[in-house]
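Below: one structure, written as structure tokens.
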Amino acid sequence: MSKNEDLFKKIISHAKEYGFIFPSSEIYDGLSAVYDYGPYGCELKNNIKSYWWKSMVQMHENIVGIDSAIFMHPTVWKSSGHVDAFNDPLIDNKDSKKRYRADVLIEDYLQKIEDKITKEVEKAAKRFENFDEQMFRQTNARVIEYQKKIDEIRTIFIRCMENSDWAKLKVLIDELEIVCPISGSKNWTEIRQFNLMFSTQMGSVAEDADVIYLRPETAQGIFVNFLNVQKSSRMKIPFGIAQIGKAFRNEIVARQFIFRMKEFEQMEMQFFVRPGEELQWFNYWKEERMRWHIALGMGKENYRLHEHEKLAHYANAAIDIEFQFPFGFKELEGIHSRTDFDLKSHQQYSGKKIQYFDSETNESYVPYVVETSIGLDRMFLAILSYSFVEEVLEDNSVRTVLKIPPVLAPIKIAVFPLVKKDGMPEKAREILKGLQQHFLCQYDEKDAIGRRYRRQDAIGTPYCITVDNQTLEDNTVTLRNRDSMQQERIAIENIEKRVWDLLKINY
């Protein structure tokens with residue numbers, strides 16, 4: 001088992017043990033790719049949503065929010081292209097009986113070659129430094145050969161995906177001798193398309209019921225409400241509409257814990273602009289969203305931008321913000337210039353005029369759209385992945401700590417009496433009651449103080465307050481910092497201000 005695989009297993013185990021994430025319906029052996037958020041997971045998730053909403057809506061005068069319904073008229077999904085085109089190319093391995101997305105198999109294969117290139121480049125740099133010219137040239141030649149191979153494969157791959165040419169895609173898998181990760185065999189079926197939308201029925205009598213879909217994305221709820229929001233909020237272009245909500249995709253190849261699930265949550269903002277200005281705003285939101293991520297303090301080196309080589313049918317520009325998960329760099333947020341495709345399509349299918357009258361240019365037009373879309377569950381997993389740390393202390397003991405950005409931590413403050421006597425519990429609860437009006441707090445008086453600190457470290461609580469003998473004399477307490485484990489003496493009346501100062505962050 002690789003170091004990263006071992007780390008990822010530890011993160012998953014920790015998430016369950018400490019009440020962040022549970023397998024759904026676990027007493028009935030669970031449900032594939034569906035998870036429940038426990039007490040601390042629920043709080044962390046809500047804090048992520050609140051943090052995003054404040055930065056996106058509260059801090060922008062020209063962005064408002066909505067909460068659209070999960071059920072929508074079936075024609076919405078015909079108009080958006082989901083009924084006809086929302087398909088994944090799937091392939092089965094006859095030996096392992098496992099099903100895979102054909103495009104993911106090829107992307108993983110290309111990633112392995114790119115990893116080889118990285119290692120060879122590192123070797124070439126060392127050999128260049130050591131003046132080993134012959135070995136440098138040999139290594140450099142291998143890098144060029146690898147890159148040429150990647151370019152050739154990617155050209156064929158993109159052409160197959162654009163043309164939905166599954167027969168040629170199957171030939172490519174065979175030629176590359178891609179094996180099943182489980183069985184190790186190359187015994188593949190033909191590639192088939194599979195629609196990812198969940199369907200259900202709406203109606204009082206089954207035979208008269210209409211087929212409707214659980215929404216596969218939240219964006220369409222914004223587009224069909226464009227006129228309602230623009231008129232009721234008196235918004236002028238450029239302006240945005242934000243939404244947080246559940247979406248559902250029948251992912252056959254769901255994997256990597258909560259990274260890819262059948263029921264997930266999105267945080268999206270659709271920004272409406274004048275035609276011709278969309279690429280300017282696309283670049284603005286690309287930089288703004290990256291700045292937002294980095295401001296959380298999870299390491300600039302853990303993010304990178306990935307430009308789309310194959311654009312969706314509705315886009316004229318697209319880029320992903322990728323995060324370095326234990327299983328590699330993967331998409332965390334997408335920024336897309338969706339042109340006027342969505343509004344024009346809904347205008348066509350509904351027969352309603354969906355346009356904006358621009359008083360500055362004295363013309364009506366269908367606005368263009370720039371989308372920022374981040375997976376809430378993926379953001380949750382990114383925070384867990386970054387935060388999980390096993391530290392070896394000076395006494396050679398190991399503490400497991402979640403170094404969650406304090407502003408997002410489920411519990412902000414834990415309050416302890418040093419011992420359960422001499423009036424310390426009463427004083428601690430008095431302090432707790434005052435802080436609960438402003439922060440989610442926890443009280444603990446069980447076990448030695450060191451063990452209580454460790455419990456709070458494990459759930460990511462950034463600050464611990466301890467009431468001791470000196471507290472009863474001068475109304476001061478110790479404030480412990482989770483990450484440094486340093487303590488400071490502070491007056492009870494200053495705790496609230498001190499914690500707010502520590503939680504400040506640039507939205």
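The values are calculated or read from the model by the stated rules, or taken from the named source; none is laboratory data. The structure presented is a predicted model; accordingly, all values stated were derived computationally and were not measured. Positions of Cβ are backbone-derived with ideal geometry, glycine not excepted, and every protein chain shown enters the neighbour counts.
Count, please, the residues in the stretch 316-335 that happen to be crowded, with 20+ Cβ neighbours inside 10 Å and touching a helix residue (DSSP H, G or I) at 6+ places or on another chain (Cβ under 8 Å). Qualifying residue count for the region: 8. Applying the criterion of being free of Cβ contacts under 8 Å to residues at least 60 places away in the same chain and more than 21 Å from L279 (Cβ to Cβ) to the residues of the stretch 336-351, the residue that is surrounded by the most Cβ atoms within 10 Å (Cβ to Cβ) is Q347. Of all residue pairs spaced 6 or more apart or on separate chains, those with beta-carbon atoms under 6 Å, a first member in the stretch 167-193 that is basic (K, R) and a second member that is surrounded by 14 or more Cβ atoms within 10 Å (Cβ to Cβ) are K168/C160; K170/I191; K186/V179; R192/L90.
Yes/no per residue for (1) among the hydrophobic types (A, V, I, L, M, F, W, C); (2) in contact with a Phe, Trp or Tyr (Cβ under 8 Å, 6 or more places away or on another chain):
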residue	(1), (2)
S199	no, yes
Y213	no, yes
K231	no, no
K236	no, no
G245	no, no
R260	no, no
W285	yes, yes
G299	no, yes
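For the stretch 283-315, the candidate set comprises residues that are under 20 Å from F272 (Cα atoms) and of a type in the set (F, W, Y); within that set, the residue that is farthest from the chain's Cα centre (by Cα) is Y314.
Residues in the stretch 295-304 that are free of Cβ contacts under 8 Å to residues at least 60 places away in the same chain and either surrounded by 15 or more Cβ atoms within 10 Å (Cβ to Cβ) or more than 19 Å from S385 (Cβ to Cβ) (or both): 1 in all.
Considering (1) in the same structural domain as E5 (by TED's automatic domain parsing); (2) more than 18 Å from the chain's Cα centre (by Cα), the lone condition that T372 does not fulfil carries the number (2). Of all residues in the stretch 388-424, which are over 33 Å from the mean Cα position of the chain (by Cα) and crowded, with 18+ Cβ neighbours inside 10 Å? Result: F416, P417, L418, M424.
Just to verify a result, which residue in the stretch 375-404, among those that are assigned to a loop (DSSP other than H, G, I, E, B) and modelled with pLDDT of 95 or more, is nearest to Q486 (Cα to Cα)? So, considering only residues that are assigned to a loop (DSSP other than H, G, I, E, B) and modelled with pLDDT of 95 or more, the one nearest to Q486 (Cα to Cα) is K403. Checked against the criterion of being under 29 Å from G334 (Cα atoms), of a type outside the set (D, E, K, R) and exposed (fewer than 15 other Cβ atoms within 10 Å of the Cβ), the candidates N228, N250 yield just one match: N228. Kindly list the number of the only condition in (1) in contact with a Pro (Cβ under 7 Å, 6 or more places away or on another chain); (2) charged (D, E, K, R); (3) within 23 Å of V407 (Cβ to Cβ) that fails for E445. Unmet for E445, out of (1) in contact with a Pro (Cβ under 7 Å, 6 or more places away or on another chain); (2) charged (D, E, K, R); (3) within 23 Å of V407 (Cβ to Cβ): (3). Considering the stretch 478-501 alone, what residues qualify as being over 20 Å from V389 (Cβ atoms) and out of contact with any strand residue (DSSP E or B) (no Cβ under 8 Å at 6 or more places or on another chain)? Answer for the stretch 478-501, where residues must be over 20 Å from V389 (Cβ atoms) and out of contact with any strand residue (DSSP E or B) (no Cβ under 8 Å at 6 or more places or on another chain): E493, N494, E496, K497, W500, D501.
Within the stretch 479-487, is there a residue that is in contact with a Cys (Cβ under 7 Å, 6 or more places away or on another chain) and within 20 Å of G297 (Cβ to Cβ)? Scanning the stretch 479-487 turns up at least one residue that is in contact with a Cys (Cβ under 7 Å, 6 or more places away or on another chain) and within 20 Å of G297 (Cβ to Cβ). Going through the stretch 11-58 one residue at a time, which ones are over 27 Å from Q243 (Cα atoms), among the acidic types (D, E) and assigned to a helix (DSSP H, G or I)? Listed by number, the residues that qualify are E17, E26.
Note on the stretch 17-39: residues that are of a type outside the set (D, E, K, R) and under 15 Å from D377 (Cβ atoms) amount to 10.
Figure legend. Inter-residue proximity from the stretch 73-101: first residues more than 30 Å from I182 (Cα to Cα), second residues of a type in the set (G, A, S) and surrounded by 15 or more Cβ atoms within 10 Å (Cβ to Cβ), beta-carbon distance below 7 Å, spacing 6+ or different chains. Indicated pairs: S79/S345; S80/S345.
Does Q280 satisfy being crowded, with 20+ Cβ neighbours inside 10 Å, polar (S, T, N, Q) and more than 17 Å from the chain's Cα centre (by Cα)? Against the criterion (crowded, with 20+ Cβ neighbours inside 10 Å, polar (S, T, N, Q) and more than 17 Å from the chain's Cα centre (by Cα)), Q280 does not qualify. Here F8 passes the criteria (1) out of contact with any Phe, Trp or Tyr (no Cβ under 9 Å at 6 or more places or on another chain); (2) part of a helix (DSSP H, G or I) except the one numbered (1).
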